[in-house]
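What follows is a short report on a single structure.
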Amino acid sequence: MDRPSWAPEGVDVDMPSPARMYDALLGGSHNFAVDRRAVEMAVAKVPDLPKVAWSNRAFLRRSVRFMVAAGIRQFLDIGSGIPTSGNVHEVAWEADPQCRVQYVDLDSVAVAHSRAILAGQERAAAIEGDLRAPKELLADPRLRKMIDLSQPVGVLLVAVLHLLSDGENPRGVVAAIRDAIAPGSYIAISHLTSAQRPEDAMRLGEQAKAGSGVGIYFRSREDITALFDGLTVVAPGVVELALWRPESAEDIYEEPGRSLGLAGVGRRD
C-alpha cells in the first residue's frame, strides 16, 4: 500500500501493530489497512471487542482523575499508543494545567503522532522506549528531563502488559518500576483476562497470533492481581474495567460479569 503522509519513514505499513489496532478499535484514523483487517478478524471472533477498548479508555480517564485528586502532578504513560480523544495530558490538565506528562511507546507511529499533537508544549512529551527494559527506560535522559522520579509520579500501564509473554516477566517489569518510583506514587494497570470468558480469550489469543503475528496473553485474575505485589491496592481493588470507580452509566460499556479486562490502581508506600 502507499505510505500515508502522516506515517514516519521506516514504518512497515504491511505489518499490524497493537497501538494502531487499538486506535482502529476506538474509531481512530491513524492506522493502516492491515491494522483494520486484523481488527475485523478479531471482532468477527468476539463482536463486543470495541466495547472492551472503550471500557479500557474510560478506566484510563478515571485513574488519571483519581491520581490528580490524590496529589499527583506528573504522569508516565508507558505503552501510550496512538493519541486519541481523552489523552492523559488532556485529562490531567483539566484538573491542573501544571501537570507534566511523559508518553512512551515502542511504535514510532504512535510517538510521531504524540509529538505532532504536543508540538510547542513544555509540560508533555513523547519518546520511543521499551517496557521490557524498565531500568534502561527510566534512566533515559529524555524521560528524566520531564519526570522527577524522586517525587511521586502516576505510572500508567494501561493495556500493555498483556503484550508481554511470561518469559518477558511482566511481574518483574512492574516490580522494577515500583522500586524506582518515590513513595506516594501510583501505578494504574489494566490487563486482558481469561477469568470470565475463557473461550473468547482463547479465540482472541489464537486470532492475534494467526492474523497479526502479535502475541496477546490473557491472564487469570490471580496473575493480574499479583502484578500489584508490593503496592497497596486502592479500593475497589482489582476489578472489571467498568467497575473501577465508574462515574456514570456511560462508563459501563461491557456487561457486568463478562468483561475481558481487569484493572486496578496501587500505591507505592
Query raised in the report: Would you pick out the residues in region 206-252 that are closer than 22 Å to residue 49 by Cα, assigned to a loop (DSSP other than H, G, I, E, B) and either of a type in the set (A, V, I, L, M) or at pLDDT below 90 (or both)?
Result: 213, 214, 215, 216, 238, 247, 248, 252
Query raised in the report: Quick one: would you say residue 257 is surrounded by fewer than 15 Cβ atoms within 10 Å (Cβ to Cβ) and within 18 Å of the chain's Cα centre (by Cα)?
Result: no
Query raised in the report: So, in region 60-90, of the ones that are of a type in the set (Gly, Ala, Ser) and in contact with a strand residue (DSSP E or B) (Cβ under 9 Å, 6 or more places away or on another chain), which residue ends up surrounded by the most Cβ atoms within 10 Å (Cβ to Cβ)?
Result: 81
Report summary line: The residue that is modelled with the highest pLDDT, considering only those in region 1-27 that are small (Gly, Ala, Ser) and either under 16 Å from the mean Cα position of the chain (by Cα) or at positive phi (or both), is 24
Report task. With respect to residue 57, determine if the residue is more than 13 Å from the chain's Cα centre (by Cα) and surrounded by 18 or more Cβ atoms within 10 Å (Cβ to Cβ). Result -> no
Requested in this report: Could you grab me the full set of residues in region 36-74 that are without any contact (Cβ under 8 Å) to a residue 24 or more places away in the chain, in contact with a helix residue (DSSP H, G or I) (Cβ under 9 Å, 6 or more places away or on another chain) and not charged (D, E, K, R)?
Outcome: 39, 43, 44
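The values are calculated or read from the model by the stated rules, or taken from the named source; none is laboratory data. The shown structure was predicted, so the numbers you read here are calculated from the model rather than taken from an experiment. Note that we place each Cβ from the backbone using ideal geometry, even for glycine, and neighbour counts take in every protein chain shown.
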